[in-house]
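Student: Handing you a structure now.
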Amino acid sequence: MEKPGGASLRLHGVTVRYRGRAAVDGVDLDVAAGEFIVLLGPSGSGKSTLLRTINRLVLPDAGTIEIDGRDAAAEPPEALRRGIGYAIQAVGLFPHLSVARNIAVVPELLGWGQARIAARVEALLALVRLDPARYRDRYPRELSGGEQQRVGVARALAAEPRLLLMDEPFGAVDAIVRADLQEETLRIHRMLGTTILFVTHDVDEALRLADRIVVLKDGCIEQVGSPLNVLANPATDYVAALLDSKDAVRRLQLLNARDALRSATARPEMAKGDDWPRVTPQATLREVLSVLLGGASRTMVANDDEVLGSLSFDDVRAALARTEG
């Protein structure tokens with residue numbers, strides 16, 4: 001499947017008022033093409049309302065929204081929405097349509113030919129790890145919750161959107177399925193380069209998925225930054241409390257073995273001759289710690305046959321300490 005790339009997005013002064021109260025209050029946000037942005041906050045913080053202003057399901061009372069430099073308000077709402085993928089917690093699959101027909105809804109509205117639609121359905125089912133031969137003719141009632149969510153993501157991607165909005169898409173599934181869906185979403189993002197705005201109130205989900213996290217409170221942005229930056233350097237007491245920023249386990253999930261090697265005490269040549277367990281440079285420090293807790297004094301960090309170094313408990317501790325400055 002070709003990599004269509006993502007759309008850039010600019011929000012300036014976006015405000016939404018309900019009964020005189022600002023649900024979204026003067027939000028400014030620039031999103032680069034291909035970024036994965038997570039809007040994080042508790043219920044009532046304005047994150048879902050802000051997301052829906054982008055595809056004009058909610059009309060802002062003030063401010064502008066530009067997609068690839070074009071004013072979204074200047075486009076007919078139906079045309080705008082057909083070019084933006086939208087996935088929600090409730091999924092919203094049409095119960096009387098097969099999986100293939102559910103995915104084909106927007107391409108059909110856009111006037112795609114049947115051969116192109118059929119090829120797109122096949123490719124998307126494969127992309128979300130659902131065998132087309134098994135699933136294309138099934139109906140939503142015949143699917144598990146996780147399978148329905150995968151079809152929902154496939155449908156949101158059907159018209160090759162460069163911008164994908166996801167509003168608590170995995171909130172209704174159990175923790176194991178949710179982790180699988182998160183991993184699939186990251187894989188799809190890496191493959192397609194689609195710009196994604198993802199709403200969640202789940203801190204661990206935000207830390208796992210985001211390139212940048214946008215923390216919202218009472219309709220305003222409290223902080224924007226990379227997961228590690230927001231966790232290690234919360235801008236306000238609210239952000240620190242929301243993310244439980246002193247939680248070392250969360251930091252272990254955001255740092256990898258390559259990060260820790262910057263302060264490691266053992267050089268690569270010292271590790272080559274020892275029979276230590278191996279991890280990849282991309283392994284999280286939580287995974288490294290798990291190996292060390294299994295009884296090893298050190299773990300070797302290696303890419304195939306290239307040894308990059310080794311890590312001990314002290315090295316993991318040093319890597320964590322560097323994030324506290």
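Student: Scan the stretch 130-156 for residues that are in contact with a Leu (Cβ under 6 Å, 6 or more places away or on another chain) and either surrounded by fewer than 18 Cβ atoms within 10 Å (Cβ to Cβ) or assigned to a loop (DSSP other than H, G, I, E, B) (or both) and jot them down.
Tutor: Pro132
Student: Quick check on my filter: what residues within the stretch 193-212 are over 25 Å from Glu160 (Cα atoms) and in contact with a Ser or Thr (Cβ under 9 Å, 6 or more places away or on another chain)?
Tutor: His201
Student: Still on this model: Against the condition open to solvent by 10 Å² or more (accessible area, probe 1.4 Å) and assigned to a loop (DSSP other than H, G, I, E, B), how does Glu160 come out, does it pass? Explain how you work it out, then say what you get.
Tutor: Details: open to solvent by 10 Å² or more (accessible area, probe 1.4 Å): yes; assigned to a loop (DSSP other than H, G, I, E, B): yes.
So Glu160 fits the description; yes.
Student: May I pose another question? Which strands (runs of 3 or more DSSP E) does the stretch 174-238 wholly contain that include 2 or more residues that are without any contact (Cβ under 8 Å) to a residue 40 or more places away in the chain?
Tutor: Numbers: elements: 195-200, 212-217, 220-225.
Because the criterion is at least 2 residues that are without any contact (Cβ under 8 Å) to a residue 40 or more places away in the chain, the strands (runs of 3 or more DSSP E) in the stretch 174-238 that meet it are 220-225.
Student: It is to be established whether one or more residues within the stretch 99-121 are in contact (Cβ under 8 Å) with a residue 60 or more places away in the chain, open to solvent by less than 70 Å² (accessible area, probe 1.4 Å), under 24 Å from Arg52 (Cβ atoms) and β-branched (Val, Ile, Thr).
Tutor: Among the residues of the stretch 99-121, not one is in contact (Cβ under 8 Å) with a residue 60 or more places away in the chain, open to solvent by less than 70 Å² (accessible area, probe 1.4 Å), under 24 Å from Arg52 (Cβ atoms) and β-branched (Val, Ile, Thr), which makes the answer no.
Student: If I ask for residues that are open to solvent by less than 60 Å² (accessible area, probe 1.4 Å) and over 21 Å from Ile213 (Cβ atoms), which ones from the stretch 34-59 would you list?
Tutor: Within the stretch 34-59, Asn55, Arg56, Val58 meet the criteria.
Student: Then there is this: Mind telling me which of the residues Asp167, Asp137, Asp131 ends up being closer than 26 Å to Asp68 by Cβ and not small (Gly, Ala, Ser)?
Tutor: Asp167
Student: Restricting the search to the stretch 285-325, which residues are open to solvent by 70 Å² or more (accessible area, probe 1.4 Å), farther than 27 Å from Asn229 by Cα and either β-branched (Val, Ile, Thr) or modelled with pLDDT of 85 or more (or both)?
Tutor: None; the set is empty.
Student: So which residues in the stretch 195-222 are over 11 Å from the mean Cα position of the chain (by Cα), open to solvent by less than 20 Å² (accessible area, probe 1.4 Å) and modelled with pLDDT of 95 or more?
Tutor: Listed by number, the residues that qualify are Val214, Val215, Leu216, Gly219.
Student: Let me ask another. Can you name every residue in the stretch 60-82 that is in contact (Cβ under 8 Å) with a residue 40 or more places away in the chain, open to solvent by 40 Å² or more (accessible area, probe 1.4 Å), on the phi < 0 side of the Ramachandran plot and touching a helix residue (DSSP H, G or I) at 6+ places or on another chain (Cβ under 9 Å)?
Tutor: Answer for the stretch 60-82, where residues must be in contact (Cβ under 8 Å) with a residue 40 or more places away in the chain, open to solvent by 40 Å² or more (accessible area, probe 1.4 Å), on the phi < 0 side of the Ramachandran plot and touching a helix residue (DSSP H, G or I) at 6+ places or on another chain (Cβ under 9 Å): Pro60, Thr64, Glu66, Arg82.
Student: Looking only at the stretch 4-24, which residues are outside any strand (DSSP E or B) and open to solvent by less than 40 Å² (accessible area, probe 1.4 Å)?
Tutor: Gly5, Gly6, Ala7
The values are calculated or read from the model by the stated rules, or taken from the named source; none is laboratory data. Note that the coordinates shown come from a computational prediction; the quantities given were computed from them, not determined experimentally. Cβ sites come from the backbone with ideal geometry, for glycine too, and all protein chains shown count toward neighbours. We work out accessible area using only protein heavy atoms, side chains counted, and drop any ligands, DNA or RNA first. Shrake-Rupley method; radii C 1.70, N 1.55, O 1.52, S 1.80 Å.
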